[in-house]
Amino acid sequence: MPPRQKPGKSKQDYRTPGVLLSAIAHRFGPIGFDLASSEENRVAPRGWTKADNALDQDWRKLRLRRGDVAFCNPEFADIEPWAECCADVRLLQRWTLLLAPLGTQDWAVKHMWRKSYVLKLRGRVAFVGEEQGYPKDLVVAAYGFGVSGEEVWDWRKQVTGAAK
């Protein structure tokens with residue numbers, strides 16, 4: 001049985017599982033910066049925490065090593081400002097990746113669809129510390145290089161070469 005959703009009370013600081021991060025790195029390049037991290041869940045050598053208030057930072061000035069990507073797994077309860085910041089850097093010559101629930105809510109229509117390359121994740125993602133997969137479909141929205149589109153991505157095959 002999947003975890004029950006409790007609007008306004010659900011855990012919001014899940015760590016992205018290593019197998020998904022490996023698939024992302026294989027497809028896009030190494031993750032060099034975590035845009036929505038904490039000391040407990042950072043997935044890159046550098047990142048912004050709540051104390052740094054990533055939403056007040058200028059994401060265009062973020063310096064990454066050549067080929068590195070910026071990654072964002074924000075709290076899903078208030079995802080719109082994160083998606084807006086990602087959309088603001090969609091024309092840069094680097095990838096900014098947003099892990100988000102699949103949807104057609106206003107925030108997704110305004111800041112994700114037609115502004116990013118949306119990878120609909122095939123298969124449930126079990127966040128670190130959870131036995132069951134997240135109960136909703138997830139996407140990795142790739143912002144950068146001015147590209148847009150969508151596809152279904154079996155991310156599990158990216159690293160292993162075969163579906164699990």
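Taken together, the values in this text are just the output of simple stated rules run on the coordinates, not laboratory data. Treat the numbers as computed from the prediction; the structure is a model and nothing was measured.
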Open item on the list: Running a GNM on the chain with Cα contacts under 10 Å, which residue among A83, A23, A36 ends up with the highest mean-square fluctuation?
Closed with: A23
Open item on the list: If you average 1/r across every pair of different Cα atoms in the stretch 114-163 and take the reciprocal, what Kirkwood value do you get, in Å?
Closed with: 12.0
